[in-house]
1. At most 16 other Cβ atoms within 10 Å and a DSSP loop assignment: could you name the trypsin sites (Lys or Arg not before Pro) in segment 242-288 that fit?
2. In terms of modelled amide H atoms, which long-range or inter-chain residues lie less than 5 Å from the amide H of Val166?
3. Given Ile81, Val101, Tyr68, which one lies farthest toward the positive end of the charge dipole of segment 62-101, if we put +1 on the Cβ of every Lys and Arg and -1 on the Cβ of every Asp and Glu?
4. Debye sum, Cα scatterers, segment 1-157, no solvent: what log₁₀ I/I(0) at q = 0.10, 0.15 1/Å?
5. Out of every Cα-Cα pair in segment 163-253, what percent are more than 24 Å apart?
6. Grab the DSSP H runs of the chain that are 4 residues or longer, score each as -39,500 (n - 2.57), total them, divide by all residues and round the 222 nm result to the nearest 500 deg cm²/dmol.
7. Explain nothing, just the number: dipole magnitude of segment 253-334 about its Cα centre with +1 on each Lys and Arg Cβ and -1 on each Asp and Glu Cβ, in debye rounded to the nearest 20.
8. Can you tell me the FRET efficiency between Glu63 and Thr359 if r is taken as the Cβ-Cβ distance and R0 is 35 Å, rounded to the nearest 0.05?
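Read-outs: derived from the displayed coordinates by stated rules, not from any lab. These figures come from a predicted structure and were not determined experimentally. No Cβ is skipped: glycine too gets one built from the backbone with ideal geometry, and neighbour counts run over all protein chains shown.
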Amino acid sequence: MDKFVVRGGNPLLGTIKVSGAKNSALPCMAAAILTEDELVLENIPQVRDIETERKLLSAMGAEVDLGYGRAQHRTRIKCAILSDPVAKYEIVKTMRASSLVLGPLIARTGIARVAMPGGCAIGGRPIDLHIKGLEAMGATVTQDHGYLEARSPNNGSSRLKGAHIVFDKITVTGTEDLLMAAVLAEGETVFENCAREPEVTDLATLLTAMGAKIKGAGTSTIHVHGVAQLHGARHRINPDRIEAGTFLLAGAITGGDLSVEGCNPAHLGALLAKLESCGVKIEVGKDSIRVRSDGALKAANISTEEYPGFPTDMQAQFMALATQAEGTTTVTENIFENRFMHVQELNRMGANITVEGRTATVRGRSKLESAAVMCSDLRASASLVLAALVADGETILDRVYHLDRGYEHFEEKLRNVGAQIRRMGNVFTKK
Ligand code: UD1
């Protein structure tokens, strides 16, 4: 199992480039199921979750060429024949986003069999809202031996039917999954209380390029006019706002001067506002953000919310920053239960954090010291790297496979701007 060895103390200086958004790439790859034609997707990040999705689609009969190393990371996917519309547990178990194939599979083939998802261990992560939505569109969903089986009306032989669906709770992949089901349904579907994340908009842009009729993506209400068929398209994946945000925090926590390029600043509003409250200097360009800090950080409370609020996927990394801020920071996690697994590890490095229910209280500023720490999920891993960048001595982070799920060439990018970080073990490479 790979480990990172990080020696703290260097301010990060220079320019770092952002990759394509994993959370956009995953639904966009699943959208290939909706057509017999080829999809060309640019800017697909080279991370483990994408490799998992490649395996998932290939096992169903799709031709997938990830095209890493080629200009633009150009990926080609063709689902001419889906010989086996099943998402097997062996593949699904590491990635909850596998539930994203449920909607497109049933829309295309009338039948979908998908293992109940795994993924990050951050609370019970049900998919009841996906199921409820499909049922409202006329699907029959049954469960056996850890698998969900969904059939469109008439035992899988008729198309799904348009419906009025009000999400009980805002769900990102739920919105995406049902959107992909609705684009090939008969008639109109109206979704209310939708996720407004940029990743939903990115998917809707791709689906529209494939011939779908969608209005309102990026708002709470989305209208879909179902069509009988979709065609191939070419699409460029959005830059990864969470990766960009992680690097901005890395620049700020180390008292550096770092420009993050190739990002979309409009997607990072909530984080930038908090960084300013912490006393970090920010310059926003068209597709770049520069952070500068002299290391004197002030405490600023955060409370995670759905987009455009403060992202839950930045909570762990922000908490690492809070350990270096003067004063007390409260961090409230509203989206997921049990998303404080990084707290214990940060405390082992010398942080002073207590948790009560959904709120963590960080008392700063703490002098962090190196330790052997364990990554517990994707963003928690990034949080520990940030802490290690300012800790005294050499920190060893175990289980960085969690980080490899979602960050492309993470240590290389950080090393190029002055971080002392190296990997021990087998370097993750695409098979
Ligand atoms: C997506 C992101 C993830 C991010 C999260 C919240 C991807 C691949 N992953 O995850 O990085 O942390 O959004 O921004 O895009 N819920 C239900 N029933 C459901 C679905 C969700 O109760 O059927 C609950 C969840 O338990 C959670 C909340 O809704 O409490 C939000 O989850 P959701 O938006 O679905 O997260 P994901 O789409 O899995």
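1. The qualifying sites are Lys286.
2. Glu192
3. Tyr68
4. -0.42, -0.82
5. Percentage above 24 Å: 26.
6. Dividing the helical sum by the residues of the chain leaves -8500 deg cm²/dmol.
7. In debye, rounded to 20, segment 253-334 gives about 200.
8. My answer for the efficiency is 0.15.
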